[in-house]
Amino acid sequence: MTVFQLQKDLMEEIESVLSDIMLKKPKGGMGTIKSYSHELPKREQVVKPGSLMPEDDGDDPYPFCVVRMESGSIYPGKQGIRTVLVFGIFDDALENQGHQALLNVIHRVAERFVMDPVLKNRYQLNGKEGIGWILDDEERYPYYIGAMEMVWDTFFVEREDRYV
């Protein structure tokens with residue numbers, strides 16, 4: 001099991017677990033959370049005729065989940081991989097309560113992995129490390145950001161003993 005494969009599997013699982021949660025999109029309408037690997041995609045900057053300033057011509061990625069592989073530790077026969085899931089949602093309601101939807105998203109993901117800490121029969125959530133989460137404490141209305149941290153245990157190669 002490679003770290004990259006864990007990242008892909010987590011991206012797929014996050015989209016599946018959250019597939020029934022509909023969230024606002026910045027350009028109107030509703031959508032589900034889309035997962036991205038390590039970073040959000042770059043958005044194209046276009047200079048329109050008659051303008052000197054570039055404008056963003058790309059799609060706004062909200063709502064999203066960025067799956068980051070932060071670090072790892074290799075032990076005999078296994079590897080511990082620290083992952084961070086960064087969630088972004090958009091909510092332009094004047095009540096300024098977008099954090100509630102964000103907390104629901106975090107709760108749903110945590111609930112999935114607490115109830116069944118195994119992913120794709122390949123990785124196991126490290127129960128000793130637990131699941132950490134945090135909300136961004138900066139005012140970014142109408143954008144809301146939160147994150148979760150988990151450590152996954154995977155199999156890793158073991159040293160061969162040539163003299164056995």
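The values are calculated or read from the model by the stated rules, or taken from the named source; none is laboratory data. Source: prediction; values computed, not measured. When we count neighbours, we look across all protein chains shown, and the Cβ atoms used for this are built from the backbone with ideal geometry, even at glycine. Just the protein is used for accessible areas: all its heavy atoms, side chains included, with ligands, DNA and RNA removed. Shrake-Rupley method; radii C 1.70, N 1.55, O 1.52, S 1.80 Å.
Cβ-Cβ distances below 9 Å connect the following pairs, each with a first residue in the range 141-155 that is open to solvent by 30 Å² or more (accessible area, probe 1.4 Å), a second residue that is of a type in the set (S, T, N, Q), and a separation of six or more residues or different chains: TYR141/ASN96; GLU149/THR83; ASP153/GLN79; ASP153/GLN124; ASP153/ASN126; PHE155/GLN79.
Quick check, is MET22 out of contact with any Pro (no Cβ under 7 Å at 6 or more places or on another chain), over 17 Å from LEU135 (Cβ atoms) and in contact (Cβ under 8 Å) with a residue 12 or more places away in the chain? No: the conditions fail for MET22.
Residues being open to solvent by less than 40 Å² (accessible area, probe 1.4 Å), on the phi < 0 side of the Ramachandran plot and assigned to a strand (DSSP E or B) are represented in the range 104-123 by at least one member. Going by the structure shown, is GLY130 within 22 Å of LEU18 (Cβ to Cβ), open to solvent by less than 20 Å² (accessible area, probe 1.4 Å) and not aliphatic (A, V, I, L, M)? It is false that GLY130 is within 22 Å of LEU18 (Cβ to Cβ), open to solvent by less than 20 Å² (accessible area, probe 1.4 Å) and not aliphatic (A, V, I, L, M).
Checked against (1) modelled with pLDDT of 95 or more; (2) surrounded by 11 or more Cβ atoms within 10 Å (Cβ to Cβ); (3) of a type in the set (D, E, K, R), ASP60 meets all criteria but (1). Whenever a residue of the range 2-16 is within 11 Å of SER35 (Cβ to Cβ), its partners that are part of a helix (DSSP H, G or I) and not basic (Lys, Arg), lying with C-beta atoms within less than 8 angstrom and at least six residues away or across chains, give the pairs ILE14/VAL109. Quick test of your reading of the structure: HIS38 fulfils all but one of (1) over 22 Å from SER16 (Cα atoms); (2) open to solvent by 80 Å² or more (accessible area, probe 1.4 Å). Name the failing condition by number. It fails just one condition, (1).
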